[in-house]
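Colleague: Please see the structure below; I have some questions.
What follows draws every value from the coordinates through simple rules; no lab data is involved. What you are looking at is a predicted structure, and each value in this text was computed from that prediction instead of being measured. All Cβ positions, glycine included, derive from the backbone under ideal geometry; neighbour counts span all protein chains shown.
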Amino acid sequence: VYSLSLTHWPQVSSLNDTPPEDSIPLVFPELDQQLQPLPPCHDSAESMQVFKQHCQIAEEYHEVKKEIALLEERKKELIAKLDQAEKEKVDAAQLVREFEALTEENRTLKLAQAQCVEQLEKLRIQYQKRQGSS
């Protein structure tokens with residue numbers, strides 16, 4: 001995290017107390033070279049003001065880039081969650097289809113069992129009639 005506090009910079013009215021040039025941060029590592037603030041002319045109030053504004057803008061730019069990175073990460077997380085939810089939805093739909101197929105197969109098998117029981121009962125009755133007649 002790069003943070004530049006401008007509270008230690010001289011106010012425009014107190015330019016006589018300007019910090020030495022080596023205490024002014026010349027580089028914002030997160031900025032491209034062409035966006036780097038140029039060192040101010042310490043004898044010019046306007047130059048110092050422009051430098052301070054540029055530094056503030058650089059800080060804001062850095063904060064916006066951090067926010068974008070966080071939002072991009074959140075976007076990836078949400079896409080992953082959505083993909084997982086869609087996969088689970090597909091899995092659930094597949095399970096519903098399997099359940100319906102198995103329910104139908106169960107119904108068919110119960111019907112076949114009932115027919116077999118009925119047929120077996122008829123055969124028992126016929127067998128008992130034959131046993132009784134012999």
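Colleague: About the Cα centre of region 34-116, how large is the charge dipole given +1 on each Lys and Arg Cβ and -1 on each Asp and Glu Cβ? Please answer in debye to the nearest 20.
Modeller: 340
Colleague: Expected output is a single nm value to one decimal: the length gained when fully extending between residue 84 and residue 105, i.e. 0.36 nm times separation in residues minus the C-alpha distance. What is it?
Modeller: 4.5 nm
Colleague: Hey, which lysines would be in cross-link range of residue 122, C-alpha to C-alpha under 28 Å, not counting anything within fewer than 8 residues on its own chain?
Modeller: Partners within reach: 110.
Colleague: Let me ask something else. Would you kindly state how much longer the chain becomes between residue 38 and residue 71 on full extension, computed as 0.36 nm times their sequence separation minus their alpha carbon distance, in nm to one decimal?
Modeller: Length gained between residue 38 and residue 71: 8.8 nm.
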